[in-house]
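All remarks here apply to the structure that follows.
Since every read-out is calculated from the coordinates, none of them should be taken as a lab result. Remember, it's a predicted structure, so these values are computed and weren't measured experimentally. Neighbour counts run over all protein chains shown; Cβ positions are idealised from the backbone, glycine included.
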Amino acid sequence: MKPYNTRAIMASLLISGFVGLFSETALNIAISNLMEVFSISAATAQWLTTGFLLTLGILMPLSGLLLQWFTTRQLFFISLASSIAGTLVAALAVNFEMLMIARVLQAIGMGLMIPLMFNTILVVYPPERRGAAMGFVGLVMMFAPATGPTVAGIMIEWLSWQYIFWLSLPFLALGLVAGARFLENVTEPARPRIDLLSAALSTVGFGGVVFDFSKAGEGAEGLTSPIVVVSIAIGAGSLILFVLRQLFMREPMMDLRVFRYPMFVVGLLLVLACMMILLSSMIILPMVLQKGMALSAFAAGLMLLPGSALNGFLSPRMGKLFDKYGPKWLVLPGLVIVAIVTWLFSGLTPTSPIAFIVGLHMFLMVGIAMVWMPSQTNGLNQLPPDLYPHGTAVMNTLQQVSGAVGTAVAVSLLTRGMERYLAESAAPAGAAELANAMTLGSHNVFLFAMTVTLVGIAMALFIRRVAVSHGSPHPMH
C-alpha cells in the first residue's frame, strides 16, 4: 500500500465534513424564527429541511459513479465550493427563496463529502487501522449534528440566525486550505459509461422515497395521506425498475454485487437499524422535553448534548477496540444496551426526572457508538477495492432512506398515540392533558425502536470479523 499522509488527509476531510453536518441541523432550531422573519407557514419553512434531505436522496446513489469519474481532489473542491457558496448565500439571504437555494447548495456539498470521506479511508488505511479512522468519521457524523441546535440556540438568543452561517464560513475556508495543501488523489478515475435511464430511475426512486417519507413525517395525516401513498408507490416502482436494470448491465451505475458479501449485508442492516433508532429518538425526545415537560428549545438542546458528545468521544475509541477485537464483542453488548434504554424510555411520564432522561440518552448514544462504526467498517472491509465506491454509495443512500422512514414512522406513531389518548380525555385542550398525551404517544415510538433493536440483536448473532489477506477479504470464523 502506497504511504499517505493520513493525518493531514483526514484533518482536511473531517473539518469540512464537521461544518457541513453542523449546518444540516443548526437551522432546525431557527425554523420558528424564520417563519416570523420571512412571513412563511410551518409547511413552507419545513422545506429547508425536506429540500436538504431530497438533494441528499438524489445525490447519494450517484456518488459511486462520481467517485469513479472524478479525482479525489476534484470532488473535494467541488464539494467545498458548493458548501461555501451555499453558506455565503444563506448568510446573506433576504428571503425564503434565497435561503432555499442556499440549502440545496449546502446539501450538494454534503452529498459529495460523505461518500468521499468513506471511500478515501478505505483506500488510504490498511484494514487493521480502518476501525479507528472510521471512528473519527463517527465523531464528526454524531457530534456535529448534535452541537448544531445548541450553538444555533445561543446564536439566535444573542445575535441573529445569520450568524449560524457566518460562524461556519471560516471553518469551511480552513478545510479548503488544508485540502489544497495536503489532500492527495488516492484513486484513478475509471470513467465508466453513464447510463441516463439508470440515473433517472435512481432520482425518481431514491429521491422520491426519501422526500415522501420526509413529508409523511411532517403532516397530520402522516403515512396515510393519499399524496404520500401514491408518490411512495411511484418511488418504489422506479426503484424496482432501477434494481432490475442494474442486475442486467455490464457496467451498472450502482453495482449490486456488494450484496453477495454476507458481512457487508449484516453490517448494512445493522447500520440501517441504528439510523432508524437514532433519528426516531432524535425527533421525538426534543418534542417530549419541550411539549411534554415544558422546557425551552435551548434547554432541550443542552440536555441532549452530553449524550451526543459522549458518542463523538467514544466513536474513535470503539474503532480502536474493533481493530483489536473485531465486531461481535462490541456490537452485541451495544444492542443490548440500546434495547434496555428504549424499553426504559417507553415508560416516560411528564414528571420523569431530567437527570434520568439525560442519563438514558447518554447510554443510548454509548450503545449506538458500539454498534454503528464497527458494523459499517466490518461490512465495507469484506468488499474488494473495485466495489468500495459502490459499497459506500449503497450504505449512504440506504441510510438516507432508513432515516426518512424512521422519522415518518416515529411521527406517525406519536400522532396516533396522542389522538387516542385525547379522544378519551375529559379536558383534551388542557396543558396537563396535552403533556400526558405527548409522553404517552412517545411510548409507542420507543417500543418501535426497541423492536428494531431486538431484530438487530438477532442479526448481530451472525456477525463475523472479516480478515483481509492479499487484497481479497473473506469472513474469519
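Listed values, structure above:
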quantity	calculated
Length-normalised contact order of the chain in % [C-alpha pairs under 8 Å, at least 6 apart]	22
Between 0 and 90°, nearest 10: helix 262-287 axis offset from the chain longest Cα axis	30
q = 0.08, 0.09, 0.11, 0.12 Å⁻¹, the chain: log10 I(q)/I(0) [Debye, one scatterer per Cα]	-0.45, -0.58, -0.89, -1.08
In degrees, nearest ten, helix 354-381 long axis to first principal axis of the chain (Cα)	20
Total charge dipole magnitude, the chain, about the Cα centre, Cβ charges on Lys, Arg, Asp, Glu only, Debye to nearest 20	1360
Structure-based [θ]222 nm, the chain - -39500 (n - 2.57) summed over DSSP H runs of at least 4, per residue, nearest 500	-26000 deg cm²/dmol
Calculated FRET efficiency for the pair TRP166/THR44, C-beta based, R₀ 35 Å, to 0.05	0.90
C-alpha center-to-center spacing [region 74-111, region 341-403] in angstrom	28
Spacing of the two label points (7 Å from each Cα toward its C-beta) at ILE194 and GLU128, in nm	4.2
Förster-model FRET efficiency, 30 Å R0, GLU424 and ILE31, C-beta, rounded to 0.05	0.40
Only Lys, Arg (+1) and Asp, Glu (-1) charged, at Cβ; region 259-477 dipole about Cα centre in debye	540
Ranked packing of 121-133, 455-467, 262-274, most packed first, by mean Cβ within 10 Å	262-274, 121-133, 455-467
In degrees, nearest ten, helix 226-247 long axis to first principal axis of the chain (Cα)	10
Relative packing of 200-206, 227-233, 298-304, which averages over residues the other C-beta atoms within 10 Å, highest first	200-206, 298-304, 227-233
Pairwise FRET efficiency - THR351 versus ILE154, Cβ, R0 = 30 Å, nearest 0.05	0.55
Pairwise Lys count, the chain - Cα closer than 30 Å, eight or more residues apart or different chains	4
Loop-located GluC sites (Glu not before Pro) in region 395-435 whose Cβ has at most 14 other Cβ within 10 Å (DSSP)	GLU424
Farthest positive-ward along the chain dipole, Cα basis, beta-carbon charges - from GLY430, THR147, LEU335	LEU335
